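Single-structure report; data block below.
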Amino acid sequence: MKAIQINRLMSSMTLMAMCLLPLLSKAQFQKINNLRAYDQTGINVFEDPKDTLTTFEGLKLKFGAGFTQQFQGLKHKNPGALNNNIGAVGTPGNRLRSITPGFMTAQANLFMDVQLADGIRLNITNYLSSRHHNEVWVKGGYIQFDKLPFEGQLWEELMKIATIRIGHYELDYGDVHYRRSDGGNTIYNPFMENNIMDAFATEIGGQVMLRKNGLFGLIGMSSGMIKGNIDSLTVAANPDGDYTKSPSLLMKGGLDKQLTPDIRLRLSGSYYGNQGGGANTLFGGDRTGSNYQFVMEPNTISESTAMAFSGRFNPGFTKKVNALMFNGFLKIKGAELFGTYELASGRTAKETDTRDARQFAIDGVYRFGSNEQLFIGLKYNTVSARLANNALGSGAGPVTYNADVKIDRIAGAAGWFMTRNILMKAEYVVQKYKDFPAADLRSGGKFKGYVIEAVVGF
């Protein structure tokens with residue numbers, strides 16, 4: 001029955017593609033104003049470009065996509081873990097999943113951008129294939145205003161420096177999310193995977209950004225949850241007695257200057273805070289999954305979607321979170337240096353005290369060739385955090401663990417843009433887990449090896 005349903009679905013999608021082909025062939029080449037490109041030219045573009053000089057020539061539609069296929073050759077071990085066995089039902093089992101070199105599940109994103117009016121555009125992004133979800137998911141959609149349909153000198157002067165975004169969108173917390181891999185869209189990231197503590201959230205809200213003479217500032221507010229939710233918080237899920245759903249506040253500011261034709265400097269600071277959400281996902285909002293598959297995962301879970309975030313660390317600040325991120329970017333000709341320092345604190349609904357988490361990451365990338373089509377890079381990333389008192393897992397039950405755990409990663413990468421739309425890149429990575437309790441599967445853990453990636457973006 002399942003095979004019949006899949007065949008029917010594929011037939012329907014093929015028929016739909018054939019019907020849309022004439023439209024797609026025309027729509028792909030239409031220019032949408034103030035849009036970051038999905039190919040090589042979008043690298044090191046942070047906020048969408050701001051241009052108020054263009055004129056509206058009628059409604060325009062553009063489709064784009066990001067495709068990624070990976071081959072992984074990673075090995076892992078955890079000799080320090082207690083009860084390092086498969087584990088029977090009801091007993092702890094910390095043996096790692098058996099993995100061998102092979103192809104990972106291909107990932108694909110579909111972008112639809114529409115020029116609705118002069119200075120007004122709409123975006124919808126879909127995840128067609130990913131590790132975390134086998135079915136098609138909508139990442140989000142929003143309307144962006146670089147002009148307003150109001151007459152008057154006041155509005156014209158304001159919108160020369162203002163950009164307004166409203167909808168269900170990727171929050172502009174920090175600068176790392178402009179360089180991360182997002183499902184099939186991996187062309188911006190010179191490395192395979194995102195930071196160990198991956199700050200990424202899509203929430204319903206709005207934001208206003210002001211930009212002038214290289215300086216920028218942003219303020220925004222969102223629902224604090226990954227999807228729409230009008231349900232009341234329950235007593236069972238909130239033993240702390242707090243049943244309010246607080247919005248999230250977002251603030252950001254910095255400078256982005258082209259100091260000379262060969263030197264660019266960008267500095268930014270961001271704040272994200274939610275003082276009582278129902279299910280905050282700042283460090284767990286990715287609905288696609290990690291680009292390291294099955295590393296440091298247990299052998300007792302059969303469903304691959306339950307192991308979608310291999311190699312990452314989520315501090316579990318689901319009830320309350322306050323986070324600061326500071327970023328620096330320096331580009332001198334083909335040499336780039338990008339750094340991150342992040343401080344976060346929060347708790348789950350079952351905890352009474354907040355915990356802290358800290359992250360530091362720095363990478364250097366050198367791009368060379370006539371169009372910077374070749375690059376090499378080196379990255380170091382470390383996280384130090386306190387585990388949740390109720391999150392040791394593996395059958396250990398609620399435990400208070402008062403020591404910080406630490407995760408370190410070193411990765412070297414190289415890449416080649418065959419065209420501005422086609423990228424081949426490879427990485428060798430070593431990641432180590434330190435000071436985890438013996439009852440935790442990650443105790444004494446380590447993985448290392450290579451990943452090769454083929455990317456298409458347009």
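Does residue 136 satisfy being of a type in the set (A, V, I, L, M, F, W, C) and under 25 Å from residue 224 (Cα atoms)? In short, yes. Just one residue in the set 169, 173 is assigned to a strand (DSSP E or B) and either more than 30 Å from residue 430 (Cα to Cα) or out of contact with any helix residue (DSSP H, G or I) (no Cβ under 8 Å at 6 or more places or on another chain) (or both); that residue is 169. Taking the condition within 26 Å of residue 350 (Cβ to Cβ) and either small (Gly, Ala, Ser) or in contact with a helix residue (DSSP H, G or I) (Cβ under 8 Å, 6 or more places away or on another chain) (or both), does residue 297 pass? So residue 297 fits the description; yes. Criterion first (at pLDDT 95 or above, over 21 Å from the mean Cα position of the chain (by Cα) and in a strand (DSSP E or B)) does residue 252 satisfy it? It is false that residue 252 is at pLDDT 95 or above, over 21 Å from the mean Cα position of the chain (by Cα) and in a strand (DSSP E or B).
Considering only residues that are hydroxyl-bearing (Ser, Thr, Tyr) and part of a loop (DSSP other than H, G, I, E, B), look in the stretch 95-136 and name the one that is nearest to residue 70 (Cα to Cα). Across the stretch 95-136, the extreme among qualifying residues is 105.
Scan the stretch 176-223 for residues that are part of a strand (DSSP E or B) and not hydroxyl-bearing (Ser, Thr, Tyr) and report the count. So the answer is 19.
Filtering the stretch 41-64 for residues that are in contact with a Gly (Cβ under 7 Å, 6 or more places away or on another chain) and modelled with pLDDT of 95 or more leaves an empty set. If you filter the stretch 398-438 down to residues that are at pLDDT below 95 and of a type in the set (Phe, Trp, Tyr), you find that the one that is farthest from residue 370 (Cα to Cα) is 401.
Conditions tested, residue by residue: (1) of a type outside the set (Phe, Trp, Tyr); (2) modelled with pLDDT under 95; (3) closer than 30 Å to residue 413 by Cα; (4) surrounded by 19 or more Cβ atoms within 10 Å (Cβ to Cβ).
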| residue | (1), (2), (3), (4) |
| --- | --- |
| 109 | yes, no, yes, yes |
| 130 | yes, yes, yes, yes |
| 133 | yes, yes, yes, no |
| 142 | no, no, no, yes |
| 166 | yes, no, no, no |
| 173 | no, no, yes, yes |
| 177 | yes, no, yes, yes |
| 187 | yes, no, yes, yes |
| 190 | yes, no, yes, yes |
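The single condition among (1) hydrophobic (A, V, I, L, M, F, W, C); (2) modelled with pLDDT under 95; (3) closer than 23 Å to residue 384 by Cα; (4) more than 17 Å from the chain's Cα centre (by Cα) that residue 301 does not meet is (3). In summary, residue 231 fulfils each of the numbered conditions (1) at pLDDT 90 or above; (2) charged (D, E, K, R); (3) under 30 Å from residue 136 (Cα atoms) with the single exception of condition (1).
The values are calculated or read from the model by the stated rules, or taken from the named source; none is laboratory data. Computed from a predicted model, the values in this text were never measured in an experiment. Cβ atoms come from the backbone with ideal geometry, glycine included; neighbour counts cover every protein chain shown.
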